[in-house]
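Notes to accompany the following structure.
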Amino acid sequence: MEVVSQGSTGAPQVDLTLVQDVAQRLAQNVAKVIVGKDEAIRLAIIALLCEGHILAEDVPGVGKTMLARALAGSLGCSFNRIQFTPDLLPSDVTGVSIYNQKTQEFEFRPGPVMSQVLLADEINRATPRTQSALLECMEERQLTVDGVTRPLPRPFLVIATQNPIEYEGTFPLPEAQIDRFLIRLSLGYPDAADESEILLRLQHRHPISEVEQVVSVDELLKAQSIVREVYVEASVREYIVAMTRETRSHADTALGASPRGSIALFHTAQTYAALQGRDYVLPDDVKAMAVSVLAHRLIVRPESQLRGRTGVSIINDILQKVPVILEENAGV
């Protein structure tokens, strides 16, 4: 990447032109399919640039699957979908080794996880044993079957969906699984004007059939490396840590965010700043990403849930409580 000069922060300035261009092309292309959900599209692109995974939690029929397909089509990436059900086995996700009588050797038949964009549809309908088949894939970007470890392709993005309303026949995601999702987003119902626009676009055929590749894999990988160079001043890092630690001691939480949550907030703040055209992070960037990155990682005490407390409301409380202390020469 090109370092152009020294900024007021004392850190090298980074050329963010490619990052912004990639994000804009992706957003415009996905918006052809997902109408009126610019915020959800932006969050999905941030997760993609951070090499993170997405948990799309919403009622059926609002476009979660189309969001995954539109992202994959915009990147020209391989795309696989797994429909999670209670009878799904781990090998149905990862693949299996089969004995070939002709060669007298075991041959690995890869499962659908061997793709660049994976849609895990209704992930909470599978048993915990099957859900756990994704743990290694999501965190380490590799797959181990029968003692053999194989790398997953790059980029590798998991978009998992679940219905937060219907719980019959479901298996709640364990904390270890939820913690591996960088961002949780919700599309929500469209407003009247957007729903009318959806009907118009679907009159003859689905717009997903017209989605074309607008960003190459090489461009995406380069953009992912550039956002990691966005400068984060020491006091902003301390602010991130203070927020995460506060989730662990909050009166309404039984379990707060892990250090993985701090790392996620750090990287998403870098990417958010880059999309704003800045090569340094402000506390406002951290605040903008806090709910989407931290709220789903909290386990709220049962008595607090009865009082209507949620992960979102707790993070909003913490945003009001934790002070921002900037160094004099922070350059912001």
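The numbered conditions (1) within 29 Å of residue 312 (Cβ to Cβ); (2) in the same structural domain as residue 69 (by TED's automatic domain parsing); (3) charged (D, E, K, R); (4) assigned to a helix (DSSP H, G or I) are all true for residue 219 except (1). Within the range 12-33, being within 21 Å of residue 116 (Cα to Cα) and either touching a Cys at 6+ places or on another chain (Cβ under 7 Å) or crowded, with 20+ Cβ neighbours inside 10 Å (or both) holds for 19, 22, 23, 26, 29, 30, 33. Within the range 79-108, the residues that satisfy the criterion of being touching a strand residue (DSSP E or B) at 6+ places or on another chain (Cβ under 7 Å) and either modelled with pLDDT of 90 or more or not assigned by TED's automatic domain parsing to the domain that holds residue 162 (or both) are 79, 80, 81, 82, 83, 84, 93, 94, 95. Residue pairs whose Cβ atoms lie under 8 Å apart, sitting 6 or more positions apart in sequence or on different chains, and linking a residue in the range 59-79 that is on the phi > 0 side of the Ramachandran plot to a partner that is assigned to a helix (DSSP H, G or I) and surrounded by fewer than 24 Cβ atoms within 10 Å (Cβ to Cβ), are 76/217.
For the range 301-317, residues that are surrounded by fewer than 20 Cβ atoms within 10 Å (Cβ to Cβ) and either touching a strand residue (DSSP E or B) at 6+ places or on another chain (Cβ under 6 Å) or part of a helix (DSSP H, G or I) (or both) total 11.
If you check residue 292 against the conditions, is it at pLDDT below 95 and either closer than 21 Å to residue 157 by Cα or more than 21 Å from the chain's Cα centre (by Cα) (or both)? So residue 292 fails the test. In the range 19-61, of all residues being among the basic types (Lys, Arg) and touching a Leu at 6+ places or on another chain (Cβ under 8 Å), the one that is farthest from residue 218 (Cα to Cα) corresponds to 37. Are any of the residues in the range 137-152 buried (at least 17 other Cβ atoms within 10 Å of the Cβ) and assigned to a strand (DSSP E or B)? Looking through the range 137-152, at least one residue is buried (at least 17 other Cβ atoms within 10 Å of the Cβ) and assigned to a strand (DSSP E or B).
Quick one: which residue in 172, 164 is out of contact with any Leu (no Cβ under 7 Å at 6 or more places or on another chain), part of a loop (DSSP other than H, G, I, E, B) and in contact (Cβ under 8 Å) with a residue 60 or more places away in the chain? Break it down stepwise before answering.
Values: 172 fails: in contact (Cβ under 8 Å) with a residue 60 or more places away in the chain.
It is 164.
The residue pairs whose first member lies in the range 18-29 and is over 11 Å from residue 45 (Cβ atoms), whose second member is of a type in the set (D, E, K, R), and whose beta carbons are closer than 7 Å, counting only pairs six or more residues apart or on different chains, are 18/219; 18/222. Once the range 248-292 is narrowed to residues that are out of contact with any helix residue (DSSP H, G or I) (no Cβ under 7 Å at 6 or more places or on another chain) and part of a helix (DSSP H, G or I), the residue that is nearest to residue 236 (Cα to Cα) is 284.
The values are calculated or read from the model by the stated rules, or taken from the named source; none is laboratory data. Fair warning: this is a prediction, and the values are worked out from it, not measured in the lab. FYI the Cβ positions are ideal-geometry reconstructions off the backbone, even for glycines, and counts take in every protein chain you see.
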